[in-house]
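Report on one structure; see the data block that follows.
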Ligand code: C2E
Ligand code: MG
Ligand code: MG
């Protein structure tokens, strides 16, 4: 007769209860990994509990009825067989192998488990796994099948880990999956060699903790500030449901999120986000709510829900403020409805669609309920294509520079030029900067692109006689990202030296976007001025313009954005003349952009502008054409 020692299982069981407490306290994403982990947790509780009770009962066999011992031990064995099967399934999920996809493989993989359970259930009557006699608990003739089943799944797990290890990108996850299976293996050896200590349970608890720390912790899928599921959760859910596509998504974005965040401050804004998520959870309990960075909310639910109605409700809710004890926020939202039921959408496509749609919604606002369709996808494909062309052009040093003349308003003679970047698609057609500059800014290639433009401008100056052309300066555009670089001046200087040019030939154009951090801006401009560079303020009047701020700024020239030039030419008012006068008082020269007609040119000259730029004089043209056109002055 065996005398069971429960002194290790009881504390293990208590530790398990703590893990369960943490696990159940947080919302869990309904994906296979989490469902299986939940099953493991519950089953582990059953295994340990029945291991304790049945061991106690076996020790007391002389006073307890046989049927009770049989039932207690059978439940234990049933959950014991289930345990290894669940650990095996979790291993396959982490390895991104869907064992249920292929019917034959699924049946073959289930046979040992099902056979084992049949032996265990029938064993209640046949005594094949265990039997109870006057000495108490005894192993039956088929008890060894428990180990056959266990090692079948363990070694299949090891085989799969080896075969599919590359599907797990993170090294620590690869180590974890190997680790928890090894720990189960060690535990099983203890079960064979020291059966009465019931050590196997403790080892399985260790495996369970490793899984919790590496894959199972619900916090991995949560956005802390509002307890909504995060973008990792969204990807996991969509990837898992890629082939079913039986859901719809209502996504919305807080418009001008970054500006609004600056106005309300981080703490208030985070409270607002938490309030919105709480509202979604309470009002749409059948939906999953996700939060992506940048004020983007995603509500995902069944196809039969009335999404138009939900959109209406939310639109109305956003007309009211979001209020808590210490926050009251008035927010605007832009909405997009994404229907994933028609046609096949891969996870990447759905996620891209969400991000494009929300970008649009941010601009369009709450009245627009945009439906995702093929256009959105093709727009995304175009963007990828532009990005590829841009990267290609940068790598091959094939970014082209076009020049557009700046003429003196009084003499109409060439005085300067603006260098404008161009790249080409595979068919040789020009892609405009509006399509590729924002992409280059996003993926960090803008610095290289800017350096290339700068170098090509230097090359142009060194190869052509600017004096004959009458060209006193060439304007080069700087993205705010480039402008913030502390080594910008040094880099430009060394390029200038390479071509033997002085920095005063080049004027650097920046926009007001670069002026958000005034101190930083002043420091940078001062530093660059010491090197000899001059600065021009581009697109004045496009954003929120601040005249007093300009008072301190050492620009040589301010370029009026074409929108305000056009507005003035269409309906003259007092404002633009006053602005130009103010600039003159500050000793800035003024350039009017977007001059398309003689009348516009005349009006801007009358206003006091020094330089004119626009289609009336010339569109931006390739460097060689420009050189040829103005070669004779
Ligand atoms: P920007 O610096 O304000 O450049 C002026 C834009 O107005 C150019 O557009 C030019 O082609 C266009 N334009 C000039 N005259 C007229 C006109 O009479 N009518 C109309 N409708 N448009 C006119 P482009 O070349 O498409 O460049 C757009 C923007 O892309 C530029 O605006 C500038 O912000 C940016 N960009 C261009 N090249 C570079 C570059 O090398 N680096 C950086 N960071 N940005 C660049
Ligand atoms: Mg410009
Ligand atoms: Mg401009």
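Tabulated data for the structure shown
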| read-out | value |
| --- | --- |
| Residues that are under 28 Å from residue 568 (Cβ atoms), modelled with pLDDT under 90 and within 16 Å of ligand 1 (Cβ to nearest atom), drawn from region 522-545 | 541, 542, 543, 545 |
| Among the candidates 482, 448, residue that is within 29 Å of residue 386 (Cα to Cα), assigned to a helix (DSSP H, G or I) and away from ligand 2 (no atom under 16 Å from the Cβ) | 448 |
| Odd one out for residue 625, checked against (1) within 25 Å of residue 461 (Cβ to Cβ); (2) loosely packed, with under 14 Cβ neighbours inside 10 Å; (3) within 16 Å of ligand 3 (Cβ to nearest atom) | (3) |
| Residue 354 surrounded by 18 or more Cβ atoms within 10 Å (Cβ to Cβ), at pLDDT below 95 and touching a strand residue (DSSP E or B) at 6+ places or on another chain (Cβ under 8 Å) | yes |
| Sole residue being touching a residue at least 24 places away in the same chain (Cβ under 8 Å), more than 24 Å from residue 28 (Cα to Cα) and surrounded by 13 or more Cβ atoms within 10 Å (Cβ to Cβ), chosen from 270, 339, 326 | 339 |
| Sole residue being buried (at least 20 other Cβ atoms within 10 Å of the Cβ), more than 16 Å from ligand 2 (Cβ to nearest atom) and either in a helix (DSSP H, G or I) or outside the structural domain of residue 346 (by TED's automatic domain parsing) (or both), chosen from 417, 393, 421, 398 | 393 |
| Set 298, 249, 263, 254: member being surrounded by 13 or more Cβ atoms within 10 Å (Cβ to Cβ) and more than 14 Å from residue 334 (Cβ to Cβ) | 249 |
| Subset tally (residues that are more than 14 Å from residue 408 (Cβ to Cβ) and more than 16 Å from ligand 3 (Cβ to nearest atom)) for region 603-615 | 3 |
| Qualifying positions in region 506-533 - more than 19 Å from residue 612 (Cα to Cα), surrounded by 14 or more Cβ atoms within 10 Å (Cβ to Cβ) and touching a helix residue (DSSP H, G or I) at 6+ places or on another chain (Cβ under 7 Å) | 513, 514, 515, 521, 524, 527, 528, 532, 533 |
| Test: residue in region 557-578 that is within 16 Å of ligand 2 (Cβ to nearest atom), over 41 Å from the mean Cα position of the chain (by Cα), at negative phi and surrounded by 18 or more Cβ atoms within 10 Å (Cβ to Cβ) | no |
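Let's see how each residue does on (1) modelled with pLDDT under 95; (2) under 35 Å from the mean Cα position of the chain (by Cα); (3) part of a helix (DSSP H, G or I):
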position	(1), (2), (3)
16	no, yes, yes
35	no, yes, yes
48	no, no, yes
62	yes, no, no
72	no, no, yes
86	no, yes, yes
101	yes, yes, no
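The values are calculated or read from the model by the stated rules, or taken from the named source; none is laboratory data. A quick note: this is a predicted structure, and the numbers were derived from the prediction, not measured. Here the Cβ is made from the backbone with ideal geometry for all residues, glycine too, and neighbour counts use every protein chain on show.
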